[in-house]
Each structure stands twice: as structure tokens, then as C-alpha cells.
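The values are calculated or read from the model by the stated rules, or taken from the named source; none is laboratory data. Nothing here was measured: the structure is a model prediction, and the numbers come from that model. Cβ coordinates were reconstructed from backbone atoms using ideal geometry, including for glycine residues, and neighbour counts include every protein chain displayed. The protein model used for the area step is the full one, side chains on, heavy atoms only, and it has no ligands, DNA or RNA in it. Shrake-Rupley method; radii C 1.70, N 1.55, O 1.52, S 1.80 Å.
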Amino acid sequence: MQPLTSSPAYQALQDAYERLRHIPMRELFAADATRFERFSCAAAGLFLDYSKNRLDASSLDALLALARERGVVEARADMFAGAVINRTEQRAVLHTALRNRSGAPVLAGGRDVMPEVLEVLARMAAFVADVRQGRWTGYTGEAISDVVNIGIGGSDLGPLMVCEALRPYGHARLNLHFVSNVDGAQLTEVLRRVRAQSTLFVIASKTFTTQETLTNARSARAWLLAAGALPEHVARHFVAVSTNAEKVAAFGIDTRNMFGFWEWVGGRYSLWSAIGLPIALYTGMDNFEQLLAGAHAMDQHFRDAPLENNLPVLLAMLGIWYVNFFGTSSQGVAPYCQYLHRLPAYLQQLEMESNGKSVQMDGKPVEYPTCPVIWGEPGTNGQHAFFQLLHQGTALIPVDFIAPLRAHHALAEHQLLLLANCFAQTEALMRGKTPAEVRAELSAQGLSGEALETLLPHKVFGGNRPSNTLLMDALTPQTLGALIALYEHKTFVQGVVWGVNSFDQWGVELGKQLAGKIEQELRSGQIGAHDASTAGLMRKTLAALG
Ligand code: G6Q
């Protein structure tokens, strides 16, 4: 395959960029009354308005041509077919099988994975029903009141984000807690709020070797025993979610209380597997299955829709447009929905861990930027903080606005205000405010002469700042499933265009190795060979901890 930057579509996009870079979006809207209809698209319960982008029909065509040239169509087929597309780890990538509701088989290495997937779902359903209906009890016979998920990264962020998003569907008796950090403060604070007799720990770790998770799990077990439970009671309070039965058994969790998944499920793509157990416990198996169904609907759309109407492809190629042609290095996410407050953190891992790479599949370095920094906070809070920079800062930062139209609460006035703010922000970012408009506004306020001229430049907004708006009727398990799958596939498409492997994470593995050495040295008090800074920091630690 030709290098990205010398492909014909890339060249065409460079020309398109030169043509469009000085054209205000205001003009594009003024010139085309149908712009909203032309640059919007709906699928799987989601509606995407991408008309507030610095885009015209021919640049969009060139972006889609680039996707074709880079092999997105073939790579998409390979992923769904269970080909070994995670080549550095020699694995298939089949999180789509976990939410395959079609009844059709899905092959990995020539074997249908669906019977195993459905078997684990059935075991989860039985366990979830027992816990929710109070049949699964703690060691004194009390029903479970608190579920503590102990996991990190992909074994934490997905279930945490979804449980927060689906709070209106939460079980009245169950409180959910998530412990990920090896900083003992997090576990300590959770343990202060729960009672041993009625607490269930879910130890979630694909590998069951992750230091943070095992440390937290050991401390949680010690706490349970210190509270009066006997070793034989541990089985009623600890279940595991993992691919590694041997390590689970070695830790001391009965493998009958283990829910499995498979190496072809990447950590950050695993909330659809048994890693989603806390979601199912909290919202019920029916809602978990609705989440899967929403994701499946998005999978079908991604697999079957032509590229020009394909939501993940459109989002991905718009991202590429800004990163590779406008030189942006950051992407904002602003959910106008408090329940989605952890979505930016979740997307941060999804996109940055998947595509934060500088080497292509074939081992050659990339010669163009790849994944931007993903960040954000829920609106309207962000408006009173960092939005200043989005409007008037020196960097161009595209933003995805995400909003359910109908709320779960009865405060209709609030919902109207929330949506008004969301749309106003996208409009202001696009339109900006010209010197003439500011002058007229200031004159109307009675300002003139030097006072007006001095203030004027500060109140001018350049505008022409792009955004997407994603709407859904309401935030339900189904629309949430579709939303997450949309971003998963967006990430995949971008990885294909950039030519990187979106499914490995050697940067994370490095962290797992490095800490071990320093930990040993701190334990023994023998500082090995390090740079002066690291050795100095270690000496200070030893002095403080004695
Ligand atoms: C995700 C990453 C990483 C992983 C954690 C936890 O894609 O691989 O975030 O999920 O390091 O790993 P375990 O689930 O194996 O504990």
C-alpha cells in the first residue's frame, strides 16, 4: 500500500484544505439552505449533525476516497470475519461477537465462538438474578447490598462509565463501587461505606496478573476476614472475571465463581463481556442485553451502510481531516448529560490507548500525526471553565457535543435549558462574532470612541470552530450501547487510515514492568542504578517511610 501522505486522495485533500482553510462556515451555511440535511445522518437510534464542520461536498468525497484507498472496507470485513488483525499479539478482534444478537455464528480460528459467548451470558444471568433477588447472600445470610468492582483500565472504565450512565435503571437495594487505583485511599474510602456481611467483590482482570488489582483484591479479602468472615466464607463474597482460570484459582477464588472471556476481547473493548458483570448486577440482565442490542445495531450499520452514510466512518474521517490537514492535536467531548460524566474518560482510553501510536503495522515510523488528545467534561460545567479557550484560544479544537433530547427526570425546565446551552455553544463556535457585530452591540450599550475601540478586540470571536452534534431520543441502555460502539468503530477506522495497530498497548505493558523493579528496591532499601532524579526521589521516599 502507498504511504498515506502520497496517496491520491491525500493529495486531493491537501488541495481541498487550501481551498477551505479561509472559508468561514457561516458562508457555507449561507450558500446552501440544505446544509443541515446534507451533512447529517442517523442510525441505531443516534442522529449525527456534522454540518458545522469546515467541509464541503468535494472534501467529504475526498475523505471517503481516502478511507477506501486505505482499505477501510477490507479491514472492516476482516475484523467481523475474525481475521488475526491484532498482528503484534497474533489475535483476532471480536468484541462484536459479544453483542452478536443475530443468531449467526462468528468464527475465530475456524471455530464458532458464539456457543461460549452465550454460555457465559447464561451463567451471568443466573448469578445476576440470584444477587438481585436476594438469593445470593453473604456469610450471615444477608442479601447483597453493595458490589465493589476491583479492576483497572479496561476492567474498570467501561463498567464504571456505563453504570453511571444508567443510574436511572439501577437496582434500589444495590450500591455500586469501583476501586481501580493502587492508592489505598480509594479502597479505604469504599470500605468505610460498606458492611462485610452484605458486600460482594467482583475482581475483574483479563490477565489476573495486574499488580494494582491483585493488591486491592488481597486487601479487600483481608478486610473481609478481619471483619469476622471465615476463609470458607470468601467464596460468597468474591467472584472473578478473567481469561485466566489458573491465576484465579491461585488467588483463592473458586473457579465456579469465575466468569470467563477470551483473548480476542481487548481490555478496553471488554465491557460487553463478563467484564460487564457490574452493569448487569446493577441494571439487570435485560438492560445489559439491551446495551448489547444497541451495540449490535451499530455494528450492523457500520458493517453494511455505504461509507457516505456510515456514522463511525464519518466521525473517523472528520477527525482525520482536522488532525492531518488542519493540524489539530486535541479533540473535545462535551456530553450535555450528567449521567455521561465519565464518557470523556472512557473515550480517552478507547481512542488514546488504541491509536496513540507512532509505528505502522509494518514497523515503519508514521510520518504524520495520529491520535489527538481526547478530553472533556459534561456541559454546562465546561462552559464555565475551559470553553473560553475553545472560543477564543489560539488552538483549533473540534468538539463532539452529545445530548439526549428527553431526560429521565421530571425537571422539564432544566432539560430545555441544557439543550439550549448545547446548541448555543455549537452555534457560537461556528459563527463567532465579527468586529462589526461587536461594534453594533457595544454602541447599543452606549459605548463609543476610545472606550469602544479598546474593548472591541477582546469581544471578537473568530468562529469557524468545528463541532459535531450527536443526539438521541433518550439515554437508554440501547442508545448507550450504540453510542459506545460508534466510538469503537470510529477508533478502528482511524487506526486503519493511520496504518497503526489499534488493538495492542505496549505503552501500558511498559508501566506494568517498570514499577516492579523500583518497588523491590524500595522494599529492600537497596537503590540500584538509576538516573539522579529517580534515585533522589527514591532516597526521599525511604527517608520518609523509614
Ligand atoms: C486495555 C488495556 C489496559 C488493561 C488494564 C487491566 O485495553 O490493556 O487498560 O485493561 O491494564 O488489565 P487486566 O484486565 O489484565 O487486569
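General observations
- Largest-first ordering by accessible area, 1.4 Å probe, given options TYR10, TYR339: TYR339, TYR10
- Between helix 114-132 and the chain: long-axis angle, C-alpha atoms, 0 to 90°, nearest 10: 70
- Under the Karplus curve 6.51 cos²θ - 1.76 cosθ + 1.60, θ = phi - 60°, whole-Hz ³J(HN,Hα) for the range 199-216, x wherever Gly or Pro sits: 10, 10, 9, 9, 8, 10, 7, 4, 8, 6, 10, 6, 4, 4, 5, 5, 5, 4
- Compactness of the chain, expressed as Rg and Dmax over alpha-carbon positions, Å: 25.5, 84
- Charge sum, other residues only, whose C-beta stays under 15 Å from GLY82's C-beta, Lys/Arg counted +1 and Asp/Glu -1: -1
- For the range 28-154: relative contact order, % (alpha-carbon pairs under 8 angstrom, 6 or more apart): 9
- The range 1-102: proportion of alpha-carbon pairs further apart than 18 angstrom, %: 65
- With a threshold of 25 Å on the Cα-Cα distance, the over-threshold entries among LYS247/LYS490; LYS52/LYS357; LYS247/LYS512 are LYS247/LYS490; LYS52/LYS357.
- Long-range amide H partners of ALA81 with built H, under 5 Å: none
- Formal net charge of residues neighbouring ARG439 (Cβ-Cβ distance under 15 Å; K, R +1; D, E -1): -2
- LYS247 exposes around 100 Å² of accessible area when a 1.4 Å probe is run over every protein chain in place.
- Accessible area of ARG465 (1.4 Å probe, protein heavy atoms only, ligands and nucleic acids ignored): about 30 Å².
- Computed on the range 194-264, with alpha-carbon pairs under 8 angstrom and 6+ residues apart, the relative contact order is 35 percent.
- Each stretch of four or more DSSP H residues adds -39500 (n - 2.57); spread over every residue of the chain, this sum gives -15000 deg cm²/dmol at 222 nm.
- Measuring nothing but how far apart in sequence close Cα pairs (under 8 Å, 6+ apart) lie, relative to its length, the range 49-97 scores a relative contact order of 19 percent.
- For the range 25-162, the pair-distance distribution built from all alpha carbon pairs, in bins 10 Å wide starting at 0, is 9, 19, 26, 22, 15, 7, 2, 0 percent.
- With bins 10 Å wide beginning at 0, the percent of Cα pairs of the range 104-216 falling in each bin runs 12, 35, 36, 13, 3.
- DSSP beta bridges in the chain [antiparallel fraction, %, rounded to 5]: 30
- Lys, Arg +1 and Asp, Glu -1 on Cβ, resulting dipole of the chain about Cα centre, debye, nearest 20: 880
- Rounded to whole Hz, the Karplus (6.51, -1.76, 1.60) HN-Hα couplings of the range 422-430, x for glycine and proline: 4, 5, 4, 5, 5, 5, 5, 4, 6
- Whole-Hz couplings from phi, Karplus 6.51/-1.76/1.60, listed for the range 272-284; x for Gly and Pro: 7, 8, 4, 4, x, 3, x, 5, 5, 5, 6, 9, x
- Between the residues LEU447, THR434, GLN415, the greatest Cα displacement towards the positive end of the dipole of the range 414-458, with unit charges on the Cβ of Lys, Arg, Asp and Glu, is found for GLN415.
- Neighbours of ALA485 by Cβ distance under 9 Å: Lys/Arg scored +1, Asp/Glu scored -1, total -1.
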